[in-house]
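Heads up, the thing below is written out as structure tokens.
The values are calculated or read from the model by the stated rules, or taken from the named source; none is laboratory data. Because the structure is predicted, anything quoted here is derived from the model rather than measured. Don't worry about glycine lacking a Cβ; one is built from the backbone with ideal geometry, like all the others, and counts go over all protein chains shown. We work out accessible area using only protein heavy atoms, side chains counted, and drop any ligands, DNA or RNA first. Shrake-Rupley method; radii C 1.70, N 1.55, O 1.52, S 1.80 Å.
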Amino acid sequence: MPMIRKLWSTCLDEITGFYLLHWFFYHKKQPLIISDAGQETPGLFSGDLHSFFSPVPDPANLDYQSDLYPASETRFAAAEVKDFQFQSPIQTGFPENDLVKGRHWKSTIPSTVTNSETRCTVVAIDGIVQLGVRSFNSLAQRLTPYGIDVVMLDSPFNYRRTPPGYRPGQLIAGGNLDHQLFVARQGLLDLWSLILHLQSQGHQIGLMGISHGAWLTLTASLLIEQLQFVMAITPPVDLFHILDEGGTVVNAIRRGIRESDFSEQQLEQICQPLRVPLWKPRLPGSAIHLHVANYDRFVPSFRIEALAEQWNTKLTHHALGHIEATTGPKVVAQVAEEILHFRKIPVDSIAASTVNNT
């Protein structure tokens, strides 16, 4: 049975990886974006974490749209759901991308019921090809009945930030080294700006990320103060070594890197800010939980295991492949349970929440 399970997961990852590569990253055979951001952005090639992600952005100025789902609707009986947008602190020349999009599931449960003086908010980010909000709908359904907000952030060139003529995620990897570094920097600074806004409003912030979004949340833990926890599902923790160790989808990244004139040693130095294990988080390892898919064909599992040991974090193994772990309901449901445990909400309440929201 374990062999059949592994074979199924491996085949699903390989087939999906081939599909994503050709139908998303190579869509319309768009030419590479050739950027000279390294000349215009101090610190982009510095190899230093703080120089790369500087300056610290200002808190975002959120522009909320009308309700998508009022609290009276059964689907989100304990939440009001609104979209928001704000200007990115980084300008890439693509207006659709530089207007950051997000969604807020705001719990309507008063603090007197949850016995909490401050509102906990989970900021969540999806993987490199985001097509919808299903995972975060599920997360919100489980958390909002206990006074926990969920905020989803669209990462650069993904989901609703995709420019016309491209597909979600295509331009994350669809450029030369300068472009790819610039996009990584924008993703973190957008997240930082949003977190600073929420913290200024009195929210306690925890992070949840899936795949590429998990890399963003772990990188945020290196820089941002007063985070409560980080839940990372199959994070690619080292974006330099993944060039050799990653699966089929990484071919899209390699395509842009090949345009660089840098040697391998120079690339390794330049990419240091993208290599999570080289740095220390600003919160204890006990507040970080890593999830690894045992049969992952996209992300090297052994590097996640090594990071868990290095940082002394909690680590959970799943007998799944990358696609099952990142798109299926199982791991997200477990993360929701872990967040409730972390907030010291009784296990009986967790069970009740699951019943009420299925």
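Table: residues versus (1) under 30 Å from residue 177 (Cα atoms); (2) of a type in the set (Asp, Glu); (3) open to solvent by less than 70 Å² (accessible area, probe 1.4 Å); (4) at pLDDT 95 or above.
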{"site": "273", "(1), (2), (3), (4)": "yes, no, yes, yes"}
{"site": "277", "(1), (2), (3), (4)": "yes, no, yes, yes"}
{"site": "282", "(1), (2), (3), (4)": "yes, no, no, yes"}
{"site": "292", "(1), (2), (3), (4)": "yes, no, yes, yes"}
{"site": "308", "(1), (2), (3), (4)": "yes, no, yes, yes"}
{"site": "319", "(1), (2), (3), (4)": "no, no, yes, yes"}
{"site": "325", "(1), (2), (3), (4)": "yes, no, yes, yes"}
{"site": "334", "(1), (2), (3), (4)": "no, no, yes, yes"}
{"site": "356", "(1), (2), (3), (4)": "no, no, no, no"}
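Search the range 5-41 for residues being among the β-branched types (Val, Ile, Thr) and loosely packed, with under 14 Cβ neighbours inside 10 Å, and hand back the single one that is nearest to residue 179 (Cα to Cα).
Start the filter on the range 5-41 by keeping residues that are among the β-branched types (Val, Ile, Thr), which leaves 10, 15-16, 33-34, 41.
Cutting the leftovers down to loosely packed, with under 14 Cβ neighbours inside 10 Å gives us 15, 34.
Numbers: 15: 28, 34: 7 Å.
Result: 34.
Please specify each residue of the range 295-318 satisfying the condition of being in contact with a Lys or Arg (Cβ under 6 Å, 6 or more places away or on another chain) and farther than 17 Å from residue 211 by Cβ. Steps first, answer last, please.
First pass over the range 295-318, keeping only residues in contact with a Lys or Arg (Cβ under 6 Å, 6 or more places away or on another chain): 295.
Scanning the range 295-318 gives no hits.
Given the options 210, 242, 257, 253, name the one that is modelled with pLDDT of 95 or more and β-branched (Val, Ile, Thr). Before the answer, list the steps.
On the way: 242 fails: modelled with pLDDT of 95 or more; 257 fails: modelled with pLDDT of 95 or more; 253 fails: modelled with pLDDT of 95 or more.
Of 210, 242, 257, 253, the one residue that is modelled with pLDDT of 95 or more and β-branched (Val, Ile, Thr) is 210.
Restricting the search to the range 10-30, which residues are over 21 Å from residue 293 (Cβ atoms) and free of Cβ contacts under 8 Å to residues at least 24 places away in the same chain?
Listed by number, the residues that qualify are 22, 29.
Go through the residues of the range 57-80 one by one and say whether even a single one is in contact (Cβ under 8 Å) with a residue 40 or more places away in the chain, buried (at least 22 other Cβ atoms within 10 Å of the Cβ), under 30 Å from residue 182 (Cβ atoms) and touching a helix residue (DSSP H, G or I) at 6+ places or on another chain (Cβ under 9 Å).
Yes: one or more hits.
Quick check on the range 158-178. Is at least one of its residues without any contact (Cβ under 8 Å) to a residue 40 or more places away in the chain and crowded, with 21+ Cβ neighbours inside 10 Å? Talk me through it step by step, then tell me what you get.
We begin by selecting, within the range 158-178, every residue without any contact (Cβ under 8 Å) to a residue 40 or more places away in the chain; these are 158.
Next, from what is left, pick out any that are crowded, with 21+ Cβ neighbours inside 10 Å: 158.
Taking every residue of the range 158-178 in turn, at least one turns out to be without any contact (Cβ under 8 Å) to a residue 40 or more places away in the chain and crowded, with 21+ Cβ neighbours inside 10 Å.
Condition first: outside any helix (DSSP H, G or I) and under 25 Å from residue 330 (Cα atoms). Now tell me which residues in the range 206-226 satisfy that.
Of all residues in the range 206-226, those outside any helix (DSSP H, G or I) come to 206-211, 224-226.
206, 207, 208, 209, 210, 211, listed by residue number.
Condition check: without any contact (Cβ under 8 Å) to a residue 40 or more places away in the chain, among the polar types (S, T, N, Q) and open to solvent by 10 Å² or more (accessible area, probe 1.4 Å). Does residue 201 satisfy that? Please lay out each step first, then the result.
On the way: without any contact (Cβ under 8 Å) to a residue 40 or more places away in the chain: yes; among the polar types (S, T, N, Q): yes; open to solvent by 10 Å² or more (accessible area, probe 1.4 Å): yes.
Yes.
For residue 92, all conditions in the list (1) over 30 Å from residue 143 (Cα atoms); (2) loosely packed, with under 14 Cβ neighbours inside 10 Å hold save one; what is the number of the exception?
Failed condition: (2).
Considering only residues of the range 1-23 that are part of a helix (DSSP H, G or I) and more than 30 Å from residue 166 (Cβ to Cβ), which is modelled with the lowest pLDDT? Spell out the reasoning first.
The first filter runs over the range 1-23 and keeps only residues part of a helix (DSSP H, G or I), leaving 2-23.
Those still in the list that are more than 30 Å from residue 166 (Cβ to Cβ) too: 2-8.
Values: 2: 82, 3: 87, 4: 89, 5: 88, 6: 93, 7: 92, 8: 95.
Filtering first and then ranking leaves 2.
Which of the residues that make up the range 124-151 are in a helix (DSSP H, G or I) and open to solvent by less than 10 Å² (accessible area, probe 1.4 Å)? Working first, answer last.
Here is the first cut: in the range 124-151, the residues in a helix (DSSP H, G or I) are 134-146.
Answer for the range 124-151, where residues must be in a helix (DSSP H, G or I) and open to solvent by less than 10 Å² (accessible area, probe 1.4 Å): 136, 139, 140, 143, 144.
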